[in-house]
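The values are calculated or read from the model by the stated rules, or taken from the named source; none is laboratory data. Please read these numbers as outputs of a predicted model, since none were measured by experiment. Quick reminder, even Gly has a Cβ in these numbers, built from the backbone with ideal geometry, and neighbours come from all protein chains shown. Ligands, DNA and RNA are stripped out before the accessible areas are found, and what is left, the full protein with its side chains, is counted by its heavy atoms. Shrake-Rupley method; radii C 1.70, N 1.55, O 1.52, S 1.80 Å.
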Amino acid sequence: MIKHVARKEVREIVRDGRMRLLGVIVIILALAALAFGAQQAIRAQEARDNAMERAQKQWEGQGERNPHSAAHYGTHVFAPTSVVTAIDPGVSPYLGRSVEIKAHKRSLASHSEAQDSGGSKRLGSFSVASVFLLLIPLLIIALGYGLWSRERERGTLRQVLSTGVNQSELFWGKTLALFFVLLILLIPAALIIVGVLWGLGGGDEKTLVRLGLLALSYGVYFGVFAGLTLFASAIARTSRGALVTMVGLWGFFCLVTPRAATEVAGILQPLPSQAELGRQVAQSLKTGLDGETDKDVFIEAKVADRLEAEGISEDALEFFTDEAEAQRIKTYKDGLILKFTAEWENAIFDHYIKKFDDQVDAQESVMDGVSLLSPYVAMRTLSAALSGTDFAHHRHFTAYAEAWRQGFVDSLNQAFAEKAGAQGWSYRAGPELWKNAPPFAYQPPKPTYGLDVHFLSALALLGWLLMAFVLARWAAGRVRVV
């Protein structure tokens, strides 16, 4: 009987030309968003490759230079791109994708797409994710709001029940019909999406795992709206009432709650402005994190302790008869000053950037909590996380870039201290040193990293699915026959 009920419901939905037209429009929008996202992904990859090649050539072709001067000159490193950004760009358009590497300074990521595209990005990103998050739920509502109510209005529900079909069989038949029609509409689009991403180079294992997790998550998300639509259709007195109820819920979940949550997160965890952050860093670079330690005094003490531990007396330098040996020791001392200066600066930068990133993470945690009030917020968070375009992935990259910067600058300072010798600051290193710089070998985290970070959102989405279908099943057993 469930099969017969499902067949009947599918036939009625398909016969409604308005539903077919609506479904085709939504899928066309999804494919248009995919084409736009694929174009952006290709452009981003080409820009990254060109910038990386140019930065490498500039670094290796700088000629002879003092190693520490080369550290001041610096270079750039770039975040990897992924074809999955064609589905959900997340925060990528708003956070920089390259980091400047130089001595005495930790640079924030820069050259974001939003900076390069003027004000257009302020209107939001048009992407496959935005279509799936906003329009597919509306399609589900349009397909399912009358599954119970319309039959009750026509007076056919009593007739169907009189044939021996119980309400449980009707519920499962209608549920299967709704999902079957949705699958008919979405599977071709999904196959096209996978094919396009495969053609862009997304056939590797990690990308396929990300796509699989995204498909599963969106399936759960669509299931939430399907269950709620069946619930509204069963309890509403009229089809119009069911439609108004579900559109109202959609507006609350997808429009009101995210905006309100963003404002609340900003109030609970306010972020400092870039100017304020710069002032705090500049002050601490002079007087330390405690505000009382003089930078020069601290570094001089560290250098003196190191020289004493190695049995080198600064006072004895003026009595050296070997000028070359005296200059070598002075150069070594200068190298120690560079080393401890870098350690001082790194501790300041790490403290403030970690504090800033922790504040952003706290805002993200607020959004994870709001996912208990809105399946849209939960899925929006998971969509970016599984696509590798959320703030957690950005922080993972910038943390690696900073660790590499510190090692990179330290290796150049070490080269100066060890090789300058009697030449001192006149020493010049050649291309061999530039070519032997430590390689930047960043590897993105595993595909499930986003689930680890946003576990609460994943749990909330599953909770929404369970609640939606418990309500739908409960309402089906108590549907009023008139």
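Quick notes on this structure:
- Phi-based couplings in Hz for the stretch 52-66 (Karplus 6.51, -1.76, 1.60; Gly and Pro marked x): 4, 5, 5, 5, 5, 5, 5, 5, 6, x, 7, x, 7, 7, 5
- Rg over Rh for the stretch 133-279 works out to 1.15, both radii taken from alpha-carbon positions and Rh defined as the Kirkwood radius.
- Under-5 Å amide H pairs with ILE101, H placed in peptide plane, nonlocal only: THR75, HIS76, VAL77
- Among MET19, ALA32, SER92 - extreme Cα towards positive end, dipole of the stretch 1-93, charges at beta-carbon: MET19
- Debye-sum result for the stretch 237-374 in log10 I(q)/I(0), which assumes one identical scatterer on each alpha carbon, at q = 0.15, 0.17, 0.20 Å⁻¹: -0.87, -0.97, -1.12
- Along the chain, the exposed loop sites are GluC sites (Glu not before Pro) outside DSSP states H, G, I, E and B with at most 15 other Cβ atoms within 10 Å, and the longest stretch free of them is 65-291.
- Estimated 222 nm signal from helices in the chain, with DSSP H stretches of n ≥ 4 weighted -39500 (n - 2.57), rounded to 500: -23000 deg cm²/dmol
- Its alpha carbons considered, the chain gives a radius of gyration followed by a Dmax of 30.6, 115 Å.
- Rolling a 1.4 angstrom probe over the protein heavy atoms with all chains in place gives the chain an accessible area of 50 Å² per residue.
- Hull shadow area, averaged, the stretch 133-202 [alpha-carbon convex hull, nm²]: 6.1 nm²
- Over the stretch 328-395, the reciprocal of the mean inverse Cα-Cα separation, the Kirkwood hydrodynamic radius, stands at 15.0 Å.
- Span from the the stretch 378-414 Cα centroid across to the the stretch 422-466 one, whole angstrom: 4 Å
- Debye, to nearest 20: dipole size of the chain, +1 on Lys, Arg Cβ, -1 on Asp, Glu Cβ: 3980 debye
- For the chain, the relative contact order works out to 26 percent when only alpha carbon pairs closer than 8 Å and six or more residues apart are counted.
- Sequence-distant contacts, meaning Cα pairs under 8 Å at least 6 residues apart, place the relative contact order of the stretch 1-107 at 27 percent.
- For the residue pairs LYS102/LYS330; LYS354/LYS435; LYS57/LYS354, the C-alpha atoms sit more than 28 angstrom apart in LYS354/LYS435; LYS57/LYS354.
- Measuring how big the stretch 308-428 is from its alpha-carbon positions, Rg and Dmax come out at 24.0, 79 Å.
- When only alpha carbons are used to place a centre, the stretch 202-253 and the stretch 24-70 end up 35 Å from one another.
- Fully extended contour minus Cα-Cα distance, from PHE126 to GLN62, at 0.36 nm per residue: 18.9 nm
- Fraction of accessible area attributable to carbon and sulfur, the chain (%, probe 1.4 Å): 60 percent
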